[in-house]
Amino acid sequence: MAHKRASMADVARIAGVSAQTVSRVVNASPRVDPATRARVEEAMARSGYRIHRAARALRTGRSGTIGVVVSTLATVGNSLMLEAVTDAAAEREHDVAVVTLGSGDAAEALQRLNEQGVDGVVVINEASALVRSADLPTALRLVVVDSAPDDRFAGVETDHAGGAAEATAHLLALGHVSVAHIAGPATSYAAAERERGWRDTLEAAGRPVGALVRGSWTSASGYEAAQTLIDDGAVGTALFVANDQMALGALRALAEHGARVPEDVSVVGFDDVDDAANYRPPLTTVRQLFDRLGAQAVAALLDEGDDLESTSATGATRAVMPAPLIVRDSTGPAPV
């Protein structure tokens, strides 16, 4: 076997299964139990079997490549989401073709991916607003991450409003009278949902709605937004920031003005990026389950979604991932 390319028959013999079972594993069929799949994959590794993608494409009608459309990779959230989608695609032996939009033409980008024969496209975060208003290529399957419901495609999202509500309620439970907010861009669905969760929680508790300043997801914009709140005397004793990058900038601004965190001002972020636990102080934040988001987006694209339980009247499916609050040292009781 060392002198010739291993065949499906070779893999089947080593694994003790039929060639048809090996074929199902190669083609990512759900009709194989996990133990058998693992045995076949081990046999493939032992034999040196390599999937012939061109042949598989002819058999299955799939190219083995999915497209990803993203507005920018400058933000940590977008980069983490792309990494999660890429990892999930690799697990299904799919490559990824990435198009970065900026403020470009979404219809042209989708058409370009369609001409490459991708099996479908995952649209990430802010790019969803551009895609919603674009002319979509006929029969191109789309899954959109963090977008308002749309009957034309499946959707996967974080429970942004729920996570923001839990963050705000946490601050109120610590005795803070109200909570100020550094929000994301007005065009962002995720930012709007986080703002909604913050505002609704304050109003439901009968508390005054704190001041709001918008940033652009970057730490520099968080610094500037916090400076504005401080200059206006509107920061109060509690601050909910729409992502961890902006929270990092806000912590710097507060420190420069002599405000201690959490003794004078409590701060909560959103995302739980890898570095959040190493901020000074370690950041209380809402965790996004990027790995699950990426896995569900790819699964929905390839018709394997397990958690796509919410279905619209027209059949468009949606999955909503939980967003748990991770309490660290940046929040504490309201100052007396």
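When only the Cβ of Lys, Arg, Asp and Glu is charged (+1, +1, -1, -1), the dipole of the chain relative to its Cα centre reaches about 1400 debye. As a fraction of the 1.4 Å probe accessible area of the chain, surface on carbon and sulfur atoms comes out at 50 percent. In the chain, helical runs assigned H by DSSP with n ≥ 4 each contribute -39500 (n - 2.57); averaged across all residues and rounded to the nearest 500, the mean residue ellipticity at 222 nm is -12500 deg cm²/dmol. Highest-first packing order for the peptide set 7-16, 216-225 is 216-225, 7-16, based on the mean count of other beta carbon atoms within 10 Å. In this structure His257 has an accessible area near 100 Å², from a 1.4 Å probe over the protein heavy atoms. The overall shape of the stretch 66-192, judged from the alpha-carbon gyration tensor, is prolate: a/c is not under 1.5, and a/b is greater than b/c. Counting only protein heavy atoms and a 1.4 Å probe, the chain has 45 square angstrom of accessible area per residue.
Just checking the listed ones, Gly155, Gly210, Gly233: in the Gaussian network model of the chain with Cα springs under 10 Å, the one fluctuating most is Gly233. Here the mean projected area of the convex hull built on the C-alpha positions of the chain is 19.9 nm². Short-range pairs are left out: with C-alpha atoms under 8 Å and at least six residues apart, the relative contact order of the stretch 183-326 is 16 percent.
Computed over the chain, relative contact order equals 16 percent, with contacts defined as Cα pairs under 8 Å that lie 6+ residues apart. Computed packing ranks the peptides 85-94, 107-116 as 85-94, 107-116, most packed first, by mean other Cβ atoms within 10 Å.
The values are calculated or read from the model by the stated rules, or taken from the named source; none is laboratory data. Note that this is a predicted model, so its numbers are computed, not measured. Quick reminder, even Gly has a Cβ in these numbers, built from the backbone with ideal geometry, and neighbours come from all protein chains shown. Surface accessibility is based on the protein's heavy atoms, side chains included, excluding ligands, DNA and RNA. Shrake-Rupley method; radii C 1.70, N 1.55, O 1.52, S 1.80 Å.
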